[in-house]
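S.K.: Here you go, one structure.
What follows draws every value from the coordinates through simple rules; no lab data is involved. Bear in mind that the values here come from a model prediction, so they are computed numbers and not experimental data. Glycine also receives a Cβ, built like all others from the backbone with ideal geometry; neighbour counts cover every protein chain displayed.
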Amino acid sequence: MFEKLGTMMNLLGNRGKIQEELQRFQAQVGTITAEATAGAGFVTVKVNGRMEIQNVCISEEAMGLNDREMLEDLLAAATNQALLKVREQIAQESAKMAQNIGLPPGMLGNGLPGLGG
């Protein structure tokens, strides 16, 4: 318990580095992207680190099936998989940031609050 308290006190004296690392992290999150497919390539979804959908691609074959319910399921599956990949990347970046500012491993959990981690 006291070890974590000492770490926190050291961080308070190093606000400049923390702000610098947070800015770097935020910039890095903006460049993260992930893509996932569903239905053997019928649907592809690309998302960014801000949890925004960047692109959705529906193949001609999928459109030709004329099956709305299947297409909706494939879109949900591809989107969820892409978001999971992005969350994993964000967790890795937040772990790097935590290490750079001297936080013990796991101190930030699975990412920063508000970023889906």
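S.K.: For the ranges 64-72, 26-34, 81-89, what's the packing order if you count other beta-carbon atoms within 10 Å of each residue, average per peptide, and put the highest first?
M.R.: 81-89, 26-34, 64-72
S.K.: Go ahead and run the numbers for FRET between residue 100 and residue 52, Cβ-Cβ distance against an R0 of 22 Å, rounding to 0.05.
M.R.: Computed FRET efficiency for residue 100 and residue 52: 0.25.
S.K.: Explain nothing, just compute: Karplus ³J(HN,Hα) = 6.51 cos²θ - 1.76 cosθ + 1.60, θ = phi - 60°, for every residue of segment 35-41 in order, whole Hz, x for Gly and Pro.
M.R.: Per residue, the Karplus-derived 3J(HN,Hα) values read 10, 9, 10, 9, x, 6, x Hz.
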